Amino acid sequence: MTDPFAWIAGWIHETVLLPLLWHAGLMQWEDTAFMWALFATYGVLQVAINYLICVPAERFMPLVRWRRPETVGMDVFYTLIARIGVFPLVTFFGFYWTQTALNGWLADRGYIPPTLDTLVPALMGMPVLTFFIYAVLLDFADYWRHRFSHTFGWWYGLHALHHAQRQMTFWSDDRNHVLDDVITYVWFIAAGLLIGVPPMQFPLLVLVLRLVESFSHANTRISFGWLGERLLVSPQFHRAHHGLDAAGRNSCNYGGVFPWWDMMLRTADFRHDVVETGDSRAPEALASGSWLAQQKAGLALSWRLLTRRRRRQRAAAAE
């Protein structure tokens, strides 16, 4: 039986991508372009799954009801660009090209990079367990990326766009500054290369991890229970991270998929009393501006936080 997603990707490949590659003289990317189309198709599937799961949860068990969800539409735009456009392009092309080039360079020097299977022979023939271990390791790497984005002022200036949303829904997961996304992609690719993730598994791993992260942003009172919330990040757990008084360095619950890292490193907060979200100190443009206004405001805030110490020193010297 033919995979319907492979059929759709093949149609996109033949009718759209191949003519573009032909005219651009880039036919050497023919096979890779098909893989991009396939992962973009799976990106559409991921958005559809998010919608089918999260919309009923938000509609029938909402935590907050808004009269006019004015800023949610912009988050939908961010999601479509990230999941269908940029995500497959960066994660597949970037990771595939980097790992192929790096492995070739190392092989020419007589070194074959290890994978999880070769390091732990007992995992040979156990793809599901291997996939899970890779997911755990990538999530641990993402915990530190997320925590660092709240530690360094210039970085939080970019990340503040994500936290400025006062009407948080499952669409808010991809509400990010372009430069913050660039750092995230580079971080994920570097982590994937370091732990030896196979190139064909990498986009699928990111897809699965992001599926959980999207649900964790949902505006719902659904709880996983005492035990469940210590196994998987829930909307209530992650909402504490987005609390109105928990922006910047005062935040908690940095884990994207598993709360284990927060529990081990004492950054976990399992209270369920957080309702209001946003960053009261962020410029209004980050909360309700257009896409371009939000990007510009993020850059301005990042620069202001980066140069804050220098300005204070100059003011002290002037006195």
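The values are calculated or read from the model by the stated rules, or taken from the named source; none is laboratory data. In this text the structure is predicted, and so the values were computed from the model without any measurement. Virtual Cβ from ideal backbone geometry, glycine too; neighbours counted across all protein chains shown.
Does Leu123 satisfy the condition of being within 19 Å of the chain's Cα centre (by Cα), of a type in the set (A, V, I, L, M, F, W, C), surrounded by fewer than 18 Cβ atoms within 10 Å (Cβ to Cβ) and modelled with pLDDT under 90? It would help to see each step written out before you state the result.
On the way: within 19 Å of the chain's Cα centre (by Cα): no; of a type in the set (A, V, I, L, M, F, W, C): yes; surrounded by fewer than 18 Cβ atoms within 10 Å (Cβ to Cβ): yes; modelled with pLDDT under 90: yes.
So Leu123 does not fit the description; no.
Every residue, every condition in (1) among the aromatic types (Phe, Trp, Tyr); (2) at pLDDT 90 or above; (3) out of contact with any strand residue (DSSP E or B) (no Cβ under 6 Å at 6 or more places or on another chain), yes or no:
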site: Val233; (1), (2), (3): no, yes, yes
site: His238; (1), (2), (3): no, yes, yes
site: His242; (1), (2), (3): no, yes, no
site: Asp262; (1), (2), (3): no, yes, yes
site: His272; (1), (2), (3): no, no, yes
site: Arg310; (1), (2), (3): no, no, yes
site: Arg314; (1), (2), (3): no, no, yes
Criterion first (assigned to a helix (DSSP H, G or I), over 30 Å from Arg166 (Cα atoms) and either in contact with a Ser or Thr (Cβ under 6 Å, 6 or more places away or on another chain) or touching a residue at least 12 places away in the same chain (Cβ under 8 Å) (or both)) does Ala57 satisfy it? no
Only one of these conditions is not met by Asn250: (1) surrounded by 13 or more Cβ atoms within 10 Å (Cβ to Cβ); (2) farther than 15 Å from Met168 by Cβ; (3) of a type outside the set (Lys, Arg); (4) out of contact with any Gly (no Cβ under 6 Å at 6 or more places or on another chain). Which number is it? (1)
Can you run down the residue pairs with Cβ atoms below 9 Å, 6 or more apart or on separate chains, where the first is in the range 165-176 and in contact (Cβ under 8 Å) with a residue 40 or more places away in the chain and farther than 13 Å from Phe77 by Cα and the partner is crowded, with 24+ Cβ neighbours inside 10 Å and of a type in the set (Val, Ile, Thr)? Gln165/Thr277; Arg166/Thr277; Gln167/Thr277; Met168/Thr277
Out of Phe140, Phe131, which single residue is of a type in the set (Phe, Trp, Tyr), more than 19 Å from Ser214 (Cα to Cα) and crowded, with 16+ Cβ neighbours inside 10 Å? Phe131
Every residue in the range 164-196 that is closer than 15 Å to His238 by Cβ and touching a strand residue (DSSP E or B) at 6+ places or on another chain (Cβ under 8 Å), please. Gln165, Met168
For the range 175-243, please list each of the helices (runs of 4 or more DSSP H) lying entirely inside it that holds at least 2 residues being of a type in the set (S, T, N, Q). 202-216
Within the range 138-173, tally of residues that are part of a loop (DSSP other than H, G, I, E, B) and aliphatic (A, V, I, L, M): 2
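Taking the condition under 27 Å from Ser223 (Cβ atoms), surrounded by 14 or more Cβ atoms within 10 Å (Cβ to Cβ), touching a strand residue (DSSP E or B) at 6+ places or on another chain (Cβ under 6 Å) and β-branched (Val, Ile, Thr), does Val257 pass? Give the steps one after another, and end with the answer.
Working: under 27 Å from Ser223 (Cβ atoms): yes; surrounded by 14 or more Cβ atoms within 10 Å (Cβ to Cβ): yes; touching a strand residue (DSSP E or B) at 6+ places or on another chain (Cβ under 6 Å): no; β-branched (Val, Ile, Thr): yes.
Considered against the rule, which asks whether it is under 27 Å from Ser223 (Cβ atoms), surrounded by 14 or more Cβ atoms within 10 Å (Cβ to Cβ), touching a strand residue (DSSP E or B) at 6+ places or on another chain (Cβ under 6 Å) and β-branched (Val, Ile, Thr), Val257 comes out as no.
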Anything in the range 259-282 that is farther than 20 Å from Val72 by Cα, in a loop (DSSP other than H, G, I, E, B) and either under 21 Å from the mean Cα position of the chain (by Cα) or hydroxyl-bearing (Ser, Thr, Tyr) (or both)? List them, or say none. Pro259, Thr267, Ala268
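Checking the conditions here, which among Ile53, Ile84 is modelled with pLDDT under 80, surrounded by 13 or more Cβ atoms within 10 Å (Cβ to Cβ) and more than 23 Å from Tyr134 (Cβ to Cβ)? Break it down stepwise before answering.
Values: Ile53 fails: modelled with pLDDT under 80.
Step by step, each of Ile53, Ile84 is checked, and only Ile84 is modelled with pLDDT under 80, surrounded by 13 or more Cβ atoms within 10 Å (Cβ to Cβ) and more than 23 Å from Tyr134 (Cβ to Cβ).
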What's the number of the condition Arg221 fails, among (1) surrounded by fewer than 19 Cβ atoms within 10 Å (Cβ to Cβ); (2) touching a residue at least 40 places away in the same chain (Cβ under 8 Å); (3) under 21 Å from Phe148 (Cβ atoms); (4) basic (Lys, Arg)? (3)
